[in-house]
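Student: Please see the structure below; I have some questions.
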Amino acid sequence: MISQSFEYSAPRTLAEALALLAGGDAKVLAGGMSLIPMMKLRLAAPGRLVDLSRVPGLTGIREQGGALHIGAMTTHYEVESSAVLRAKCPLLAETASAIGDVQVRNMGTIGGSAAHADPAADYPAALLAVEAKVTLARKGGERTLAFSDFLIDTFTTALEPGEILTGVIVPVEPAGAGVSYQKMLQPASGFAIVGVAARVHNGSVRIGVTGLSGKAFRAAAAEKIFAETRDVQKAAAAVPLGVEANSDIHASADYRRHVAAVYAARALNAALSRAS
Amino acid sequence: MATTITKPDTLVGKRIKRKEDPRLITGTATYVDDIQMPGMHHACILRSPHAAARIRSINTHAAAGHPGVVAVFTGADVAGVGPVPCGASLPGLRVPHHSILAKDRVYFVGHPVAVVVARDRYIATDALDLIEVDYDVLPAVADPEKALAPGAPAVHPEWPDNIAFTYHQEGGEPDKAFAEAEVVVKQRITSQRLIPTAMETRGVVAEHRAGQLTIWSSTQIPHLMRTLVAMMLGVPENLLRVVTPEVGGGFGSKLNVYAEEALMGFVAMKIGKPVKWIESRRENYLCTIHGRGHVDYYEIAARKDGTVLGLKLKLIQDLGAYHQLLTPAIPTLSVLMMPGLYRFRNVSADIIGAFTNCVPTDAYRGAGRPEATHGVERMMDLLAVELKADPAEIRLKNFIGADEFPYATATGLSYDSGDYAKPLKKALDIVDYHHLRQEQARAKAAGRLMGVGLSTYGEICAFGPSPATPAGGWESATVKVEPTGKVTVMTGASPHGQGEETTFAQIAADELGVTMDDVTVIHGDTAVVQYGIGTFGSRGTAVGGPALYFAIQELKKKIVKFGAMLLDSDDVSFSGGLCVCNKSGKTVPLAAIAGASYRAMKLPAGEQPGMMATYFWEPPNFAFPFGAHIAVTEIDRDTGQVAIKRYVAVDDCGKIINPLLVDGQVHGGVVQGIGQALYEQAVYDDNGQLLTGELTDYAIPKASMVPWIESSHTETPSPVNPLGVKGVGEAGTIGCSPAVVNSVVDALSHLGVRHIDMPLTPERIWKLISAGGRA
């Protein structure tokens, strides 16, 4: 349970971090709740870790132009307990509170989770439901991508070599929106067997689903059914349709599909009860 | 001068906080991994990635040449070291040779193949990757029933049937009882493989200096380990010292002698430097013993009025690839306890011990009794369902009566004392059983799935009379009053979290009339403490306690003789820490008596100087605690998730020394029982790969996953020992799992569900609900 040897760098500026990353065979350390265990199991063996924890400007939450900018190094606990997020993007705060355990929430970061793209992570469901964007910095520039475009596959994102995810941008929720994140947790790891984030506003719904398949996704067909019928059960039943579901010792594909529908209904009902 | 003597309140029976806790919770305690020594080297072990394979060759050249590596050893190097011992003996038992490093074949994933010794742990870990092993991978079998099927891969080629032993025991006339029965109920019941998961993994430090070998190990049995490792290494036992520092949990998994203990001794002698090996969690899961692993086929015979007549059991024990210290003996405990608390006069049991390509099973909290209790308590519920009887009534009807003790069971035991209806009635009162059933009926009518589950367990503990144990079942104690009057207790039991530093101080303080702070309890160092057996099988207080009590009685005789001499009286008694002349009322305190005994200006006739006594106590019988647990559950119809709404435990462990510690034992035990009932399972795939090899996949219950445990007691003293204690270390685990499973089956019975095997995962229950109970 000891990783292979590696270099460790703690740059003081983003430019320095990008330069270190450009050196190749390097991984960004953004909390380390997934990367460090993978290294200890020798499933990952980067030559260098670039720890972002001392780079200024990567933490904190600020409101700007109707959106909330969350620094990549903002911990799950900070998201969970942020008064601004609780008021203006409560789905994200609620989802953060469901991640792992206290220790994980104190160390893990939103940027680290987003960039890792674990198919059972909690955040992606919510980030899809609130239509979040991510900012990606590279040497000499920055780009912004919709989170839905950023997420490509299991543990795979649109991050180019040498790029660093620096922040997450979520819109300020309009008055009257209702949200909920409902999760069946895997009892050993605390990851989601299935997690469903629902956000309703003015009769339209967005549903983000995690844990069910190789990557988190928007349940577009279910959203459409709800928009047309306002029928929670029908919409929820459509969430797992056509999805190639994960199967492991904790839950079979059939059970995951079933639970996805159940939790989708719960999330929808809870979101509807909070909407006005 | 007359002194008024008031008898102080006794400390025994009080809720007293543990003396050992401040050092444990402030991080100042020393565990094996805290030991640092000049020149210490570190060992890492290369383990087989295959469950079954021949080793064609091992090339350690690159690893041995890696900078910082001082030695690499393989099976060929340790040929002179004796095998890992099995202490259990059964007629016809097949015992595979268990070398401390694999020779030409590996038998389970994690089987040790080579050891790398290096300047630090990082270098040693890196060097493991440089060892090349050429394996010829063979078919494996990881399931005991599959192992017994014709054509299964042979775990050990010399025994192609994979049968390590068969064992038959019967009492009464079981065939006649079944022939005459009006009702017979049958059920296959499994008790799945569990991983003990002590918070501290195993660890060993060894040092060979000036002809003496010292081994520090996280073990439950330092003296037995010394004897056995001395034999393995060919080291004179009196030149081997074993020290057990703080032990972060064992639950039976450290009631063993492991390859690594001898291996580190071997390494230390070879390299002439101290060496440390600390087990990783993954190694702990792959290589430290597992528990349970039963497939049981039960049959119960009864009359229509619910009177039980007989019980039959065919027990298939998943042994794993080897016998560890007690592996084959564990299922025999299940057979001994299969009648539970009931008047079963006719029983029959057959055990088949099956080799599998898995890590060995052995004692895990309860060790054979949780399996037996789960079986008989499930069968009593199945019988109740069959007869449409109330599960409480059918138990009360068949309990051995309070006036029938000592009670000779059909399996050859003598139950010491009991009043089995008492804790059940108390538990029924606590939950308000009548109203609870009404509430359940209302819940059912409203479409909710609510269950009430009972478990009335009996257990065998205080191991035990020496003729009935593999290595002696007595325990030892030394009590010393130091020249200043302070008291030192040395117990041969090696407590590791159970709290005997506190309970033994309570006993000694009461008996000697001193304060708790005046007593220090020492254990776990073979160079300091007289030979002892260890702590396991709920024996620490139940056997070690009486040993201490008798040692103190011996010492008191000496105290009185010295007191009489000092008071110049022939009529003296000792009480409240003072010797009193019963004629003059003059007193002399214990400290003065002790001081005089060491100064030895004058000695009572025939007495030696000093103030110390040692007692080796041989228990005349086991002790048999019992109790009743009730679990109230509600099941999420949509997902199959089980919520334990209420958990009531009424345990009778005989006389209680410290209710706080007893509560702690019950709580911890129940949590582990809930773990088995709802969450835990060691899963091997068909190739013998452990799929639950990490805490991210093996679900032990966390604080948020367990209910409030309402713990209370009845107190029926044991006549086996003068303290009246019975033992409580395993009770919670033994009583728990059937209460939870009975409760869940009860909640689903109207859907046609008769039985569910553990763990009761949401998916398993959802499938039953979806199939209307017929999945």
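Student: Looking at B:Asp9, is it of a type in the set (Asp, Glu), surrounded by fewer than 20 Cβ atoms within 10 Å (Cβ to Cβ) and in contact (Cβ under 8 Å) with a residue 12 or more places away in the chain?
Tutor: Spelling it out, it is not the case that B:Asp9 is of a type in the set (Asp, Glu), surrounded by fewer than 20 Cβ atoms within 10 Å (Cβ to Cβ) and in contact (Cβ under 8 Å) with a residue 12 or more places away in the chain.
Student: Another question, if that's okay. Can you find a residue in segment B:684-700 that is under 27 Å from A:Gly190 (Cα atoms), touching a residue at least 12 places away in the same chain (Cβ under 8 Å), more than 14 Å from chain A (Cβ to nearest Cβ) and touching a helix residue (DSSP H, G or I) at 6+ places or on another chain (Cβ under 9 Å)?
Tutor: no
Student: Then there is this: Quick one: how many residues across segment A:211-250 are within 14 Å of chain B (Cβ to nearest Cβ), open to solvent by 50 Å² or more (accessible area, probe 1.4 Å) and β-branched (Val, Ile, Thr)?
Tutor: Looking only at that region, the number is 1.
Student: Those residues that are among the β-branched types (Val, Ile, Thr), out of contact with any Lys or Arg (no Cβ under 9 Å at 6 or more places or on another chain) and under 18 Å from B:Thr469 (Cα atoms), I need them from segment B:522-540; list them, please.
Tutor: B:Thr535
Student: Can you name the number of the only condition in (1) exposed (fewer than 15 other Cβ atoms within 10 Å of the Cβ); (2) within 14 Å of chain B (Cβ to nearest Cβ) that A:Asp118 fails?
Tutor: (1)
Student: Would you point out which residue out of B:Ala152, B:Ala124 is part of a loop (DSSP other than H, G, I, E, B) and either within 14 Å of chain A (Cβ to nearest Cβ) or over 30 Å from the mean Cα position of the chain (by Cα) (or both)?
Tutor: Testing whether each residue is part of a loop (DSSP other than H, G, I, E, B) and either within 14 Å of chain A (Cβ to nearest Cβ) or over 30 Å from the mean Cα position of the chain (by Cα) (or both) leaves just B:Ala152.
Student: Return the residues of segment A:70-92 that are in a loop (DSSP other than H, G, I, E, B) and β-branched (Val, Ile, Thr); say none if nothing qualifies.
Tutor: If the condition is that a residue be in a loop (DSSP other than H, G, I, E, B) and β-branched (Val, Ile, Thr), then A:Thr74 is the only one that fits.
Student: Further question: Kindly provide the set of residues from segment A:123-158 that are among the β-branched types (Val, Ile, Thr) and open to solvent by less than 20 Å² (accessible area, probe 1.4 Å), ordered by number.
Tutor: Selection gives A:Val130, A:Val134, A:Thr135.
Student: Give the residues of segment A:146-192 that are within 14 Å of chain B (Cβ to nearest Cβ) and either under 15 Å from the mean Cα position of the chain (by Cα) or farther than 21 Å from A:Val130 by Cα (or both), sorted by residue number.
Tutor: Listed by number, the residues that qualify are A:Gln182, A:Lys183, A:Leu185, A:Gln186, A:Pro187, A:Ala188, A:Ser189, A:Gly190, A:Phe191, A:Ala192.
Student: Then there's this: Considering only residues that are more than 27 Å from B:Met450 (Cβ to Cβ) and within 14 Å of another protein chain (Cβ to nearest Cβ), which ones fall in segment B:613-659?
Tutor: Correct list: empty.
Student: Which residue is least open to solvent (accessible area, probe 1.4 Å), if the candidates are limited to segment B:456-515 and must be assigned to a helix (DSSP H, G or I) and acidic (Asp, Glu)?
Tutor: Per the stated criteria, the residue is B:Glu500.
Student: Moving to a separate point now. Given the criterion aliphatic (A, V, I, L, M), in a loop (DSSP other than H, G, I, E, B), at pLDDT 95 or above and crowded, with 16+ Cβ neighbours inside 10 Å, identify the matching residue among B:Ala147, B:Ala140.
Tutor: B:Ala140
Student: Quick one: in segment B:661-683, which of the residues that are more than 12 Å from B:Pro701 (Cα to Cα) and of a type in the set (Val, Ile, Thr) is farthest from the other protein chains (Cβ to nearest Cβ)?
Tutor: Within segment B:661-683, the match that is farthest from the other protein chains (Cβ to nearest Cβ) is B:Val662.
Student: Also, I was wondering about something else. Consider segment B:268-300. How many of its residues are in a strand (DSSP E or B), crowded, with 24+ Cβ neighbours inside 10 Å and touching a Gly at 6+ places or on another chain (Cβ under 6 Å)?
Tutor: Qualifying residue count for the region: 1.
Student: Can you tell me which condition B:Ala643 does not meet? The list is (1) open to solvent by 10 Å² or more (accessible area, probe 1.4 Å); (2) not basic (Lys, Arg); (3) not assigned by TED's automatic domain parsing to the domain that holds B:Pro707, and all the others hold.
Tutor: (3)
Student: Right, next: Report, by residue number, each residue of segment B:701-720 that is within 14 Å of another protein chain (Cβ to nearest Cβ) and within 15 Å of B:Gly732 (Cα to Cα).
Tutor: Matches in segment B:701-720: B:Pro701, B:Val706.
Student: Please determine whether any residue of segment B:706-726 is in the same structural domain as B:His629 (by TED's automatic domain parsing), at negative phi and without any contact (Cβ under 8 Å) to a residue 24 or more places away in the chain.
Tutor: So far as segment B:706-726 goes, no, none of its residues is in the same structural domain as B:His629 (by TED's automatic domain parsing), at negative phi and without any contact (Cβ under 8 Å) to a residue 24 or more places away in the chain.
Student: Can you list the strands (runs of 3 or more DSSP E) found entirely within segment A:160-241 that contain at least 1 residues being under 29 Å from B:Thr692 (Cα atoms)?
Tutor: Qualifying strands (runs of 3 or more DSSP E): A:178-185, A:192-201, A:204-210.
Student: Ok, one more. Does B:Met225 satisfy the criteria of being free of Cβ contacts under 8 Å to residues at least 60 places away in the same chain and either of a type in the set (Asp, Glu) or in the same structural domain as B:Met40 (by TED's automatic domain parsing) (or both)?
Tutor: Yes; evaluated as a whole, the condition is true for this residue.
Student: Within 19 Å of B:Tyr549 (Cα to Cα) and in contact with a helix residue (DSSP H, G or I) (Cβ under 9 Å, 6 or more places away or on another chain), is that true of B:Phe626?
Tutor: When the stated conditions are applied, B:Phe626 does not pass them.
Student: If you go through segment B:733-775, how many residues are outside any loop (DSSP other than H, G, I, E, B), over 28 Å from the mean Cα position of the chain (by Cα), away from every other protein chain (no Cβ under 14 Å) and not aliphatic (A, V, I, L, M)?
Tutor: The total comes to 3.
Student: Next up: Given (1) more than 25 Å from B:Gly693 (Cα to Cα); (2) outside any loop (DSSP other than H, G, I, E, B), identify the lone condition not met by B:Pro160.
Tutor: (2)
Student: Taking segment B:252-282 on its own, how many of its residues are among the aromatic types (Phe, Trp, Tyr) and within 14 Å of chain A (Cβ to nearest Cβ)?
Tutor: Here the count works out to 1.
Student: Any residue in segment B:331-338 that is open to solvent by less than 10 Å² (accessible area, probe 1.4 Å), of a type in the set (Gly, Ala, Ser), closer than 20 Å to B:Ala623 by Cβ and modelled with pLDDT of 95 or more?
Tutor: So far as segment B:331-338 goes, yes, one or more of its residues are open to solvent by less than 10 Å² (accessible area, probe 1.4 Å), of a type in the set (Gly, Ala, Ser), closer than 20 Å to B:Ala623 by Cβ and modelled with pLDDT of 95 or more.
Student: Just wondering, is there one or more residues in segment B:683-693 that are buried (at least 21 other Cβ atoms within 10 Å of the Cβ), assigned to a loop (DSSP other than H, G, I, E, B) and touching a Lys or Arg at 6+ places or on another chain (Cβ under 7 Å)?
Tutor: So far as segment B:683-693 goes, yes, one or more of its residues are buried (at least 21 other Cβ atoms within 10 Å of the Cβ), assigned to a loop (DSSP other than H, G, I, E, B) and touching a Lys or Arg at 6+ places or on another chain (Cβ under 7 Å).
The values are calculated or read from the model by the stated rules, or taken from the named source; none is laboratory data. This structure is a prediction, so every number in the text was calculated from the model and none was measured. No Cβ is skipped: glycine too gets one built from the backbone with ideal geometry, and neighbour counts run over all protein chains shown. Heads up: the accessible areas ignore ligands, DNA and RNA and are worked out on the full protein's heavy atoms, side chains in. Shrake-Rupley method; radii C 1.70, N 1.55, O 1.52, S 1.80 Å.
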